[in-house]
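Beneath this line is the structure, given in structure tokens, with notes to follow.
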Amino acid sequence: MEFESILLPGVEDKRPIIISGPCSAETEEQVMETAQKLAEKGVKIFRAGVWKPRTKPGGFEGVGTPALKWLQRVRKETGMYVATEVATEKHVYESLKYNMDMLWIGARTTANPFAVQEIADTLRGVDIPVLIKNPVNPDLELWIGAIERLYNAGIKKIGVIHRGFSTNDKTVYRNIPQWHIPIELKRRYPNLPVICDPSHIGGKRSMIKTISQQAMDLNYYGLIIESHRNPDDAWSDSSQQITPDTLAEILSELVIRDQVQSTEDLSDLRRQIDDLDNEILQLLSKRMRVSREIGLYKLEHDMPVLQTGRYDHIRKDRVEQAEKMEMAGEFVLKVLEAIHTESVRQQFEVMEKAKK
Ligand code: PEP
Ligand code: MN
């Protein structure tokens, strides 16, 4: 795929390009005040959600079409370009009717090929930059599939937004970054601009700066950051929105390093190691949780903690498996022993607590 630049006239081609604005357009005043403050800070592309995909019904689902008029006003009065999220044919028609400059496809929509195809078909013949968020699930092929659907409909100004992936596990993130997925996408399509959404990855204000810096260190092209004139009062995603002042402060503190290919490759690889270590720790903690449940079961049924037959079987089975996976049996035995020791310790601990 040969992509064309997503840059709009007058926006400087300098990392990071910035897109900012509220999660949702709530009222005309909120939109205008936030936009004016952002424009004063030099932001050139304004975002606001007009139709809001909510996990459960009953939340604020967006103002809909009337809010597009407010975005038109932003465009006219501040000179900023305006961008909004589309998920259906109707959203696309309305957005084009009200002269949106840029569109994005939300994470839940990217996960649905029917919806992406509908958007692509509606956009056929229209020359507008479209940013495609990663699907909610960590599926690189599904993400690429969405890019292809738009590309095949003639949309050449394509960018992607990395907003992290949902998980049921407790983590410090709202959506775990799994950096290796966008990194692999970048590797396969070096001309595809990748924009990071630290707001939806972190889910809280305090994480925006760190995640933004990480994205810059990974050579991302831009950042999309949610901002609001009064974040505490936001009708959606309140805990992750920041004021335009805070945004300007964070941006001024970002360190943009020169793109040096060799260290860039190294930091890509290191990021993969960080991700994998994180996955190993999460798996270990899940395994310990199951061990504790077994401990309680054994206590209730008056069984001994250590059952040698079972442990011997596990050792043999896992070593055979590891050798097939190109790891030394001896190494894997050591790891298993350490895990087993900790499991037994946790079982004793949980049993002691239960007895008290
Ligand atoms: C948003 O950008 O406000 C949004 C709904 O994001 P996502 O699709 O990433 O959840
Ligand atoms: Mn949001």
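Things to note:
- Within region 229-243, tally of residues that are in a loop (DSSP other than H, G, I, E, B), within 12 Å of ligand 2 (Cβ to nearest atom) and out of contact with any Cys (no Cβ under 7 Å at 6 or more places or on another chain): 1
- The residue that is nearest to ligand 2 (Cβ to nearest atom), among those in region 26-67 that are outside any loop (DSSP other than H, G, I, E, B) and in contact with a strand residue (DSSP E or B) (Cβ under 7 Å, 6 or more places away or on another chain), is 49.
- Some residue of region 107-114 being of a type outside the set (S, T, N, Q), in contact with a strand residue (DSSP E or B) (Cβ under 8 Å, 6 or more places away or on another chain) and open to solvent by 10 Å² or more (accessible area, probe 1.4 Å): no
- First in region 161-176 and under 20 Å from residue 206 (Cβ atoms), second anywhere and among the charged types (D, E, K, R) and within 16 Å of ligand 1 (Cβ to nearest atom), Cβ under 6 Å, 6 or more apart: 163/133; 163/197
- Taken over region 203-228, the residue count meeting the criterion of being of a type outside the set (Gly, Ala, Ser), open to solvent by 10 Å² or more (accessible area, probe 1.4 Å) and away from ligand 2 (no atom under 14 Å from the Cβ) is 8.
- Of the criteria (1) open to solvent by less than 10 Å² (accessible area, probe 1.4 Å); (2) within 16 Å of ligand 2 (Cβ to nearest atom); (3) not basic (Lys, Arg), which one residue 173 fails: (1)
- Within region 37-92, the set of residues being among the small types (Gly, Ala, Ser) and away from ligand 1 (no atom under 16 Å from the Cβ) comprises 39, 42, 58, 79.
- Yes/no for residue 271 being within 29 Å of residue 176 (Cβ to Cβ) and exposed (fewer than 13 other Cβ atoms within 10 Å of the Cβ): no
- The single condition among (1) of a type in the set (Ser, Thr, Tyr); (2) touching an Asp or Glu at 6+ places or on another chain (Cβ under 8 Å); (3) modelled with pLDDT of 95 or more that residue 220 does not satisfy is (2).
- Within region 88-113, being free of Cβ contacts under 8 Å to residues at least 60 places away in the same chain and in a loop (DSSP other than H, G, I, E, B) holds for 88, 98, 99, 100, 106, 111, 112.
- Identity of the residue in region 283-324, open to solvent by less than 50 Å² (accessible area, probe 1.4 Å) and over 19 Å from residue 352 (Cα atoms), that ends up modelled with the lowest pLDDT: 311
- If the condition is being farther than 16 Å from residue 175 by Cβ and touching a helix residue (DSSP H, G or I) at 6+ places or on another chain (Cβ under 9 Å), then region 199-219 contributes 209, 213, 217, 218, 219.
- Across region 177-194, not a single residue is classified as closer than 20 Å to residue 34 by Cβ, away from ligand 2 (no atom under 16 Å from the Cβ) and either free of Cβ contacts under 8 Å to residues at least 12 places away in the same chain or surrounded by 16 or more Cβ atoms within 10 Å (Cβ to Cβ) (or both).
- Here residue 200 meets each of (1) more than 16 Å from ligand 2 (Cβ to nearest atom); (2) under 20 Å from residue 103 (Cα atoms) with one exception, condition (1).
- Residue check, residue 53 touching a Ser or Thr at 6+ places or on another chain (Cβ under 9 Å) and modelled with pLDDT under 95: yes
The values are calculated or read from the model by the stated rules, or taken from the named source; none is laboratory data. Source: prediction; values computed, not measured. Ideal geometry is used to build each Cβ from the backbone, glycine not excepted, and the neighbour counts take in all protein chains shown. Surface areas here come from the heavy atoms of the whole protein model, side chains and all, with no ligands, DNA or RNA. Shrake-Rupley method; radii C 1.70, N 1.55, O 1.52, S 1.80 Å.
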